[in-house]
Amino acid sequence: MTKEPSREPLDSGLLRMRDGAEIYWETSGNPRGKPALYLHGGPGSGLRSGSYRSHFDLERYFLIGIDQRGCGRSRPSVNEAPESLQANTTQALIEDIEAVRGHLGVARWLVSGVSWGTTLALAYALAHPDRVTELALVAVTTTSREEVDWLTEGMGRVFPEAWLRLEAESGRTAGERIVEAYARRLATGEPHERQAAARAWNAWESVHISLDPNWTPIESRFDEARGLAFATLVTHYWANDGFLRNGDEIVSRIADIGHIPAMLIHGRRDISGPAIIAWRLHRSWPASRLHIVESEGHGGPESFAMLRAALDAFAKVR
């Protein structure tokens with residue numbers, strides 16, 4: 001009987017970058033299998049328990065996970081070094097990914113991501129299309145200005161009571177967007193002010209995903225330290241339109257990777273990231289397939305079952 005591969009990491013480490021940041025990486029599965037990269041959401045969620053491995057057939061995949069800079073086991077944490085945010089951009093994350101790929105001797109890999117991880121996966125593929133064999137994405141986002149404004153302003157029409165609390169606790173100045181106010185306070189405030197801002201921000205995050213049938217509150221996912229890192233990085237990236245040119249770089253350039261096979265999986269009830277985001281990408285992406293999960297919101301059991309099926313199919317292509 002063939003022994004099932006362990007779901008524990010085969011290897012892990014910290015890779016030091018030129019600017020001094022240390023990026024945590026881990027590998028699992030079959031070292032002779034098809035290389036795959038998993039990109040977590042947030043920004044700032046981290047790999048956490050490693051449950052992402054359950055989406056992959058570890059007999060057929062050599063799986064790599066990364067804690068994106070500033071969170072998880074990467075160093076420094078934005079909690080202890082908020083000044084490190086100046087070097088924390090999408091372009092820096094892409095460089096980190098490339099450095100890990102080179103360090104592990106991977107020529108090309110499938111790239112998978114969830115939520116913010118889909119934005120990062122798409123940005124990476126646009127920067128290095130020759131390194132990406134396929135893309136498998138759940139809860140698709142592109143972090144455009146339109147998406148950020150919907151998440152932080154427009155959804156106030158759906159959740160007016162919660163949005164009023166978000167706005168009241170933002171401390172924004174005249175002409176300052178709500179997300180910019182939270183990003184400023186989380187990056188430069190005193191420790192007690194940063195924690196207060198994180199709690200207010202994460203309360204809004206819990207509200208705007210609450211229509212998902214699989215909803216769990218943000219505070220059940222993170223302790224106070226992880227919640228602070230999550231809020232700090234989310235607002236930092238959202239206030240800067242994901243560090244993507246014109247805040248709409250991915251949608252306008254998607255044809256550049258239109259030849260890369262992709263599965264896009266999105267919940268119909270995802271009010272935080274409406275299905276039109278994935279639909280627009282699919283319409284301009286000849287090699288993509290789009291599956292809308294009617295009963296789910298921002299990810300869920302059926303979405304991840306679809307992801308597993310897509311990954312199983314892609315595993316047959318070497």
Some residue of segment 138-146 being within 15 Å of Gly44 (Cβ to Cβ), within 17 Å of the chain's Cα centre (by Cα) and among the β-branched types (Val, Ile, Thr): yes
Residue list for segment 17-37, filter: farther than 23 Å from Ala225 by Cβ and not in a loop (DSSP other than H, G, I, E, B): Thr27, Ser28, Gly29, Lys34, Pro35, Ala36, Leu37
In segment 63-101, the residues that are among the charged types (D, E, K, R), within 18 Å of Thr188 (Cβ to Cβ) and not in a helix (DSSP H, G or I): Glu80
Test: residue in segment 271-279 that is at pLDDT 95 or above and crowded, with 21+ Cβ neighbours inside 10 Å: yes
Qualifying positions in segment 285-318 - at pLDDT below 95 and surrounded by fewer than 15 Cβ atoms within 10 Å (Cβ to Cβ): Ser295, Pro301, Lys316, Val317, Arg318
Segment 106-126: number of residues that are buried (at least 17 other Cβ atoms within 10 Å of the Cβ) and not in a strand (DSSP E or B): 12
Neighbours by Cβ (under 8 Å, 6+ apart or cross-chain): first from segment 69-95, within 10 Å of Ile23 (Cα to Cα) and not assigned by TED's automatic domain parsing to the domain that holds Ala123; second of a type in the set (A, V, I, L, M) and surrounded by 18 or more Cβ atoms within 10 Å (Cβ to Cβ): none
Sole residue being within 16 Å of Ile260 (Cα to Cα), of a type outside the set (Asp, Glu) and in contact (Cβ under 8 Å) with a residue 24 or more places away in the chain, chosen from Ala197, Ala125, Ala187: Ala125
Residue match in segment 66-73 (condition: surrounded by fewer than 21 Cβ atoms within 10 Å (Cβ to Cβ) and touching a Phe, Trp or Tyr at 6+ places or on another chain (Cβ under 9 Å)): yes
Matching residues in segment 231-269 - criterion: being out of contact with any helix residue (DSSP H, G or I) (no Cβ under 9 Å at 6 or more places or on another chain) and in a loop (DSSP other than H, G, I, E, B): Gly258, Arg268, Arg269
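The values are calculated or read from the model by the stated rules, or taken from the named source; none is laboratory data. Remember, predicted model here, so these are calculated numbers, not experimental data. As a convention, Cβ positions derive from the backbone with ideal geometry for all residues, glycine included, and neighbour counts pool all protein chains shown.
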